Amino acid sequence: LVEVIETELLVIGSEGAGASAAIEAARHGVEPTIVTKGRIGHCGATVTIDGDLDVDSRSLHDQFHLKGADPRDSKAKFFEDMVRGGKFLNNQRIVETHVEDAPKALQALIDWGAPYPELNRVMHASGHTYARGAWCPGPKITPAYVNEVRKQNVKVVEDTMVTDLLTNEGRVVGAVGLDLLTGAFRIFRSKAVVIATGGGMRIYPYTTAPEELSGDGFAMAYRAGAELINMEFPMFLPGVFVWPPGLTSVDIPFILSTAGEFQGWMLNRNGERFMSRWAPKTMEWTTRDICSVAMMTEILEGRGSPHGGIYVSFSHLPKNLVDHLFDWMDPEIAWKYGGFDVEKYVSKEGLRENALEAAPACHYWNGGIRITVNSETNVPGLFAGGEVQGGTMGANRLSGNAATECIVWGLRAGRFAAEYSSKAKKLDYRESQVKELQAKLRKPLEDEGKGISPVPIRLELQKLAWEKVGVLRTTEGLQQAISEIERIKKETVPKLSVSAGNSSTTYNKEWIHAIELPNMLLVLEMVARGALMREESRGACYRREYPETDYPNWTKETVIAKVRDQMTFRTEPVTITKLPPPTKKLPYGATSE
Ligand SMILES: Cc1cc2nc3c(=O)[nH]c(=O)nc-3n(C[C@H](O)[C@H](O)[C@H](O)COP(=O)(O)OP(=O)(O)OC[C@H]3O[C@@H](n4cnc5c(N)ncnc54)[C@H](O)[C@@H]3O)c2cc1C
């Protein structure tokens, strides 16, 4: 079954960025179509947002009148914190636009119906000089943009995994995908495309991210000729549970040592507060890249907890103070977070006496598709917005800035793609390309029982990602990872198939895994090769043999491009508009001389 869907603008991804892009495009008089792997409002990372959305505190005070906002803040200070937090690898032109547009993002959410009282508190996270996190939990903001998408009559195609972009005459002219519920092949013909597919965190076995996020958008953009930058910087969140098993990889806002004013102490098995060796002044109140590297060092060097983490303790606080710390938080968020009944596993009483066991997990993607401030990629007709874009966060993201990013950059991508679409002529797709992509997509199903199941290979890949391309990286480990990726690409990928008897076309997970696996391999290869090239440690890319940040030689973007079917890497200077980087090599984490 083949279905062709005609549209003026195709938006791939339905959440913070995708929905914002479609809403904005519709406001500019273009009729967009959203296509999404899941269901709008219920897939991707946006619905899982803990709560903070960053805007400079002065605007939160003057424009939004939020409790806890601090008028001493400014957009310039917010800009500086982002650049220092990103270890000077951010594209400063993008950061300027981000801080400038941040209040518009919050206003848009309120206009679409996000509950204002929810927002009437501001969180202060590490790396921010002032409290900037307007409180917007994912489940409270998704209904707002879903309503607005409906109000604007945007067509939404759900449960459809886009597998590749269509190109003709050097332009992107649509995409193809698989209807996950029926197995139908879908062709989207469009004047322009916005990619808003979020990150690739599912490449790692320990992740806070939902299952749609297997890096498909990076892979399809790369195959269509788009450049990507800084892919060696997937971000790891330090505060997820490793125990009890029911909570593994769940990030719980109230234990985060790096978000909110509430701080636990991180201890190793000797009871040492090991952050004193990494950030003696700020200790746990430092940025999440540094906390993750410090934690993982303890774990790998044998000073961790029994279940593979470190300890987070609150026993230094008086017992009644621990109770008070929860008062400002919505009990739904503190104790019933993300549908987990946390209180079943961790009681307040227990928390006063016993440490929790926590470790880092992959949480966000700092690198991504290279865009201009007008959200264009280097391929005409292709735009990108939200977590899938690179350049905003540099080498590390500050808490609360991704919620802002998906709305700010979704809106921008929608606006500029709509302007492009309204002037562009609709081109046909190439039949030969469509046929080839359809055959590629159906092969694992048609080869039922004859090839290799993707299920164990996916687990193998995730193990490889964690052990060799995880928080701490060595030259040898990265080289081993690259040769293993090469081997899987050559020997296994061409033979991927569903198992005998598993030929259902209705949400066949094995078939979906077979389509996702080459994307995951491609993205992991970008991370590993980029990390190997970068002979320094900066933000979320820590090289054990090169523990310093080499500001004079490595304040550079790694640019990835497909050239004659080969993955190529080059470096380019980072765009600096206001804040020059340090001029010397500095210890990991330091941002001033
Ligand atoms: C647990 C958790 C908590 C977080 N908390 C915060 C927070 O408190 N503050 C903050 O600032 N940030 C937070 N973040 C980060 C933030 O949620 C994300 O960066 C942001 O929501 C990304 O929005 P997005 O629209 O770009 O992508 P997503 O929300 O991830 O949406 C991606 C969309 O792309 C679709 N998609 C993917 N692949 C395909 C495909 N092949 N075909 C079709 N559709 C596809 C998905 O179905 C989905 O619709 C958190 C992240 C997680 C995982």
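The values are calculated or read from the model by the stated rules, or taken from the named source; none is laboratory data. What you see is a predicted model; the values in this text were computed from it and never measured. Here the Cβ positions follow ideal geometry from the backbone for every residue, glycine too, while neighbour counts run over all protein chains shown.
Give me the residue from the stretch 326-347 that is outside any loop (DSSP other than H, G, I, E, B), out of contact with any Lys or Arg (no Cβ under 9 Å at 6 or more places or on another chain) and surrounded by 14 or more Cβ atoms within 10 Å (Cβ to Cβ) and, out of that set, modelled with the lowest pLDDT.
GLY338
Taking the residues in the stretch 568-582 that are in contact (Cβ under 8 Å) with a residue 24 or more places away in the chain and out of contact with any Lys or Arg (no Cβ under 7 Å at 6 or more places or on another chain) as candidates, determine which candidate is surrounded by the fewest Cβ atoms within 10 Å (Cβ to Cβ).
So, considering only residues that are in contact (Cβ under 8 Å) with a residue 24 or more places away in the chain and out of contact with any Lys or Arg (no Cβ under 7 Å at 6 or more places or on another chain), the one surrounded by the fewest Cβ atoms within 10 Å (Cβ to Cβ) is LYS578.
Only one of these is in contact (Cβ under 8 Å) with a residue 24 or more places away in the chain and either farther than 22 Å from ARG534 by Cα or of a type in the set (Ser, Thr, Tyr) (or both): SER483, SER421. Name it.
Working: SER483 fails: in contact (Cβ under 8 Å) with a residue 24 or more places away in the chain.
None of the other options fit; the residue is SER421.
Taking the stretch 38-92 as the search range and keeping residues that are surrounded by fewer than 24 Cβ atoms within 10 Å (Cβ to Cβ) and aromatic (Phe, Trp, Tyr), which one is farthest from the ligand (Cβ to nearest atom)?
Among them, the one singled out is PHE88.
Among (1) among the aliphatic types (A, V, I, L, M); (2) surrounded by fewer than 20 Cβ atoms within 10 Å (Cβ to Cβ); (3) under 22 Å from the mean Cα position of the chain (by Cα), there is one condition VAL4 misses while meeting the rest; what is its number?
Single failed check for VAL4: (3).
For the subset of the stretch 376-406 comprising residues that are within 8 Å of the ligand (Cβ to nearest atom) and of a type in the set (Val, Ile, Thr), which member is farthest from ASN230 (Cα to Cα)?
The selected residue is THR404.
On the basis of being over 21 Å from the mean Cα position of the chain (by Cα) and outside any strand (DSSP E or B), does PRO103 make the cut?
yes
Yes or no, residue by residue, for (1) surrounded by 20 or more Cβ atoms within 10 Å (Cβ to Cβ); (2) small (Gly, Ala, Ser):
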site: ARG458; (1), (2): yes, no
site: GLN462; (1), (2): no, no
site: ALA465; (1), (2): yes, yes
site: THR474; (1), (2): no, no
site: ILE482; (1), (2): no, no
site: ILE485; (1), (2): yes, no
site: LYS490; (1), (2): no, no
site: LEU496; (1), (2): yes, no
site: ASN502; (1), (2): no, no
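Run down ASP550, ASP565 and say which single residue is of a type in the set (Asp, Glu) and touching a residue at least 24 places away in the same chain (Cβ under 8 Å).
Selected residue: ASP550, the only one of ASP550, ASP565 that is of a type in the set (Asp, Glu) and touching a residue at least 24 places away in the same chain (Cβ under 8 Å).
Only residues that are crowded, with 24+ Cβ neighbours inside 10 Å and more than 6 Å from the ligand (Cβ to nearest atom): list them for the stretch 8-22, please.
The answer is LEU9, LEU10, VAL11, ALA19, SER20, ALA21, ALA22.
Which members of the stretch 108-137 meet the condition of being among the aromatic types (Phe, Trp, Tyr) and outside any loop (DSSP other than H, G, I, E, B)?
TRP112, TYR116, TRP135 - these are the residues of the stretch 108-137 that are among the aromatic types (Phe, Trp, Tyr) and outside any loop (DSSP other than H, G, I, E, B).
Being out of contact with any helix residue (DSSP H, G or I) (no Cβ under 7 Å at 6 or more places or on another chain) and farther than 12 Å from GLU510 by Cα: is that true of LEU427 here?
yes
When the residues of the stretch 493-509 are filtered to those that are assigned to a helix (DSSP H, G or I) and out of contact with any helix residue (DSSP H, G or I) (no Cβ under 6 Å at 6 or more places or on another chain), which remaining residue is nearest to MET161 (Cα to Cα)? Let's see the steps before the verdict.
Within the stretch 493-509, the first condition is being assigned to a helix (DSSP H, G or I), and the residues that meet it are 493-495, 509.
This time we only want the ones that are out of contact with any helix residue (DSSP H, G or I) (no Cβ under 6 Å at 6 or more places or on another chain), so: 494-495, 509.
Working: PRO494: 20, LYS495: 21, LYS509: 12 Å.
Per the criteria, the residue is LYS509.
Does the stretch 519-542 contain at least one residue that is among the β-branched types (Val, Ile, Thr), under 30 Å from THR182 (Cβ atoms), under 25 Å from the mean Cα position of the chain (by Cα) and crowded, with 19+ Cβ neighbours inside 10 Å?
The answer is yes, given that some residue of the stretch 519-542 is among the β-branched types (Val, Ile, Thr), under 30 Å from THR182 (Cβ atoms), under 25 Å from the mean Cα position of the chain (by Cα) and crowded, with 19+ Cβ neighbours inside 10 Å.
Scan (1) over 20 Å from LEU10 (Cβ atoms); (2) at pLDDT 95 or above for the single condition THR160 breaks and write down its number.
Every condition holds for THR160 apart from (1).
Inside the stretch 103-149, can you point out the residues that are more than 12 Å from the ligand (Cβ to nearest atom) and touching a His at 6+ places or on another chain (Cβ under 8 Å)?
TYR130, ALA131
Considering only the stretch 492-519, state which residues are among the β-branched types (Val, Ile, Thr), within 19 Å of LEU461 (Cα to Cα) and in contact (Cβ under 8 Å) with a residue 40 or more places away in the chain.
Going through the stretch 492-519, the residues among the β-branched types (Val, Ile, Thr) turn out to be 492-493, 498, 505-506, 512, 515.
Applying the additional criterion that residues be within 19 Å of LEU461 (Cα to Cα) yields 492-493, 498, 512, 515.
If the condition is that a residue be among the β-branched types (Val, Ile, Thr), within 19 Å of LEU461 (Cα to Cα) and in contact (Cβ under 8 Å) with a residue 40 or more places away in the chain, then THR492, VAL498, ILE512, ILE515 are the ones that fit.
Determine which single condition THR583 fails, assuming it passes every other condition in (1) more than 26 Å from the chain's Cα centre (by Cα); (2) part of a strand (DSSP E or B).
With respect to (1) more than 26 Å from the chain's Cα centre (by Cα); (2) part of a strand (DSSP E or B), THR583 is out only on (2).
Please note which strands (runs of 3 or more DSSP E) are completely contained in the stretch 154-252 and include at least 2 residues that are touching a residue at least 24 places away in the same chain (Cβ under 8 Å), within 13 Å of the ligand (Cβ to nearest atom) and in contact with a helix residue (DSSP H, G or I) (Cβ under 7 Å, 6 or more places away or on another chain).
Values: elements: 155-157, 160-168, 171-179, 185-195, 234-241.
Output list reads 160-168, 171-179, 185-195, 234-241.
Looking at (1) within 16 Å of the ligand (Cβ to nearest atom); (2) over 24 Å from the mean Cα position of the chain (by Cα); (3) among the β-branched types (Val, Ile, Thr), can you tell me which one VAL30 breaks?
(1)
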